[in-house]
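Trainee: Here it is, the structure, as structure tokens.
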Amino acid sequence: MFCPPSSVLCMWTSVESWSYYYSNSSMKWIEAREWCRTHYTDMVAIQNQDEIAYLNSWLPKQQNYYWIGIRKVNDVWTWVGTNKALTKEATNWAEGEPNNGSNGRRKRGNEDCVEMYIKRDLETGKWNDERCEKSKTALCYAAACKDDSCLNGECVETINSHMCVCFEGFYGERCEHAVTCDKEEITAPHKGNVSCTHKYGDFSYDSSCEYSCEEGYKLSVSSPLKCSSTGEWSAQPPTCELVQCPELSDPIRGSMKCSDPLGPSSYQTTCVFTCDEGYVQVGSPSNTLQCEASGTWNASQPSCVLVECPALPELDNGLVSCKDIDMKFAYGNACSFSCFSGYDLVGESKLTCTASAEWSDKMPRCEVVRCPLLDAPENGHINCSDNQPEYTSQCSFTCSQGYTLDGNEQLTCSHRGNWTGERPVCNVSPSDVTVVASGVAAGGALLSVLSAVMWIMRRLKKKATKFELNR
């Protein structure tokens, strides 16, 4: 191996694939590391006592000794190549070191770098903390590890060579083999399937097997199976279990009938709901529920509520009286109707709410009581408050000149549909009778006074007969 072009001389040796280098010129610690990193890998990182013994036997003695790749970072002694803290087991300090220059001499600065004694009479191969500005020989190494030294592991430098520390799940000199798991353990469950993916080879480390179930079935374990670094599967293969929906029960005032081809309350179970007479279903758009593959019913369970008929309006000129005040429009309840005085009920006096949410008949009504029409008396007049006389209507009577009213001057239509009295008549006034008798005598007629009286009586009788017919 040749030394890189430089004004600084170098020496090298090789123990199999590991190579050490040192400069023939001394330099500050920071300069020494830069020189090692520019031309080789880095400053020497001491691995163990065997490496120290080897370096002490091979390196020539230098008056100012050698810089190694340890430096104090944030008050912690650190391997600069790996940026890892120096462990107690890996230390090789000379007696009383590190002391940061507290050896009785005047202190000129912190001793944050490390030198190694080579070919020293006392404590050869030991370490001493030193000021980084001092000049010493740079001790470097060229790594034996290459990019492809370890395929699935970390390459670790050794004195004579290198070694591969395999990552989890791999083995072999170059970590080229992956741990395998038993593929016979991977089988498709009843009513299910399995699909596997392989990253490093069939059924090897980190292989993953996904399980799935047919519609209406679900996995007992949802996570996939993975081949672990120990050659074991992460779990036992899952099973496919029949989907179950929450159990249903008969609704109050109703019943339920279910068909379950695969099992009670399981996938594809169908339940039909019916309500008792006088009750209607609410809470669901259909009366049939089906257990779906998701493990839920396709709708909420319906309930049965009492049928209600349309609300009855107030009865004009009358009253409505229902058997149950709190549920007066519900199934089975009956309502009665009555009219105020002077009104007659037209229609059924009692209605019942049926199971079809309808009343047993039409709503009745209250009609006002009417009286028969009256005619004016002969030789008289009549004046009524209404053309069609009804309850509380009134009629007044008057007679023509020469006649006197016999009876009530005013009649009223009662709540029973009758007038409050008989229709009056108009009779000839007494003065008119005298005039008639005198006229007969003065005319020289042969009629006697008795004949005149008889004529008047017949006249009155005729009028009385006509009054009775009018009644």
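Trainee: Looking at Cys145, Cys150 in this structure, which one is among the hydrophobic types (A, V, I, L, M, F, W, C), more than 57 Å from the chain's Cα centre (by Cα) and part of a loop (DSSP other than H, G, I, E, B)?
Mentor: Cys145
Trainee: Of (1) among the polar types (S, T, N, Q); (2) touching a Cys at 6+ places or on another chain (Cβ under 9 Å); (3) open to solvent by 50 Å² or more (accessible area, probe 1.4 Å), Asn333 satisfies all except one. Which?
Mentor: (3)
Trainee: Within segment 203-301, which strands (runs of 3 or more DSSP E) (wholly inside it) include 2 or more residues that are among the polar types (S, T, N, Q) and over 30 Å from Ile186 (Cβ atoms)?
Mentor: 254-259, 270-275, 288-290
Trainee: Quickly run through segment 307-330 and pick out the residues that are buried (at least 17 other Cβ atoms within 10 Å of the Cβ) and aliphatic (A, V, I, L, M).
Mentor: Val307, Leu315, Ala330
Trainee: Okay, next question. Could you check segment 379-421 and list, in sequence order, the residues that are part of a strand (DSSP E or B), among the hydroxyl-bearing types (Ser, Thr, Tyr) and surrounded by fewer than 18 Cβ atoms within 10 Å (Cβ to Cβ)?
Mentor: Residues satisfying the conditions are Ser396, Thr398, Thr404, Thr412.
Trainee: Let me ask you something else. Only one of Val165, Val156 is surrounded by fewer than 16 Cβ atoms within 10 Å (Cβ to Cβ) and within 30 Å of Ser26 (Cα to Cα); which?
Mentor: None of the other options fit; the residue is Val156.
Trainee: For segment 239-259, how many residues are without any contact (Cβ under 8 Å) to a residue 24 or more places away in the chain and over 27 Å from the mean Cα position of the chain (by Cα)?
Mentor: Looking only at that region, the number is 5.
Trainee: From the list Gln290, Gln301, pick out the single residue that is within 30 Å of Tyr217 (Cβ to Cβ) and modelled with pLDDT of 95 or more.
Mentor: From the options Gln290, Gln301, the qualifying one is Gln290.
Trainee: Can you find even one residue in segment 257-269 that is surrounded by 14 or more Cβ atoms within 10 Å (Cβ to Cβ) and of a type in the set (Lys, Arg)?
Mentor: no
Trainee: Among the listed residues Glu51, Glu115, which satisfies the condition of being open to solvent by less than 60 Å² (accessible area, probe 1.4 Å), within 23 Å of Tyr21 (Cα to Cα) and in a helix (DSSP H, G or I)?
Mentor: It is Glu51.
Trainee: Taking segment 32-47 on its own, how many of its residues are crowded, with 17+ Cβ neighbours inside 10 Å and out of contact with any Pro (no Cβ under 6 Å at 6 or more places or on another chain)?
Mentor: 11
Trainee: Anything in segment 203-243 that is open to solvent by 40 Å² or more (accessible area, probe 1.4 Å) and polar (S, T, N, Q)? List them, or say none.
Mentor: Ser212, Ser220, Ser222, Ser223, Thr230, Ser234, Gln236, Thr239
Trainee: I've got another one for you. What single numbered condition from (1) closer than 28 Å to Pro364 by Cβ; (2) among the hydroxyl-bearing types (Ser, Thr, Tyr); (3) loosely packed, with under 14 Cβ neighbours inside 10 Å fails to hold for Tyr343?
Mentor: Here Tyr343 meets the rest and fails (3).
The values are calculated or read from the model by the stated rules, or taken from the named source; none is laboratory data. Fair warning: this is a prediction, and the values are worked out from it, not measured in the lab. Reconstructed Cβ throughout: ideal geometry from the backbone, glycine too, with neighbour counts over all protein chains shown. Calculation scope for accessible area: heavy atoms of the full protein, side chains included, ligands and nucleic acids excluded. Shrake-Rupley method; radii C 1.70, N 1.55, O 1.52, S 1.80 Å.
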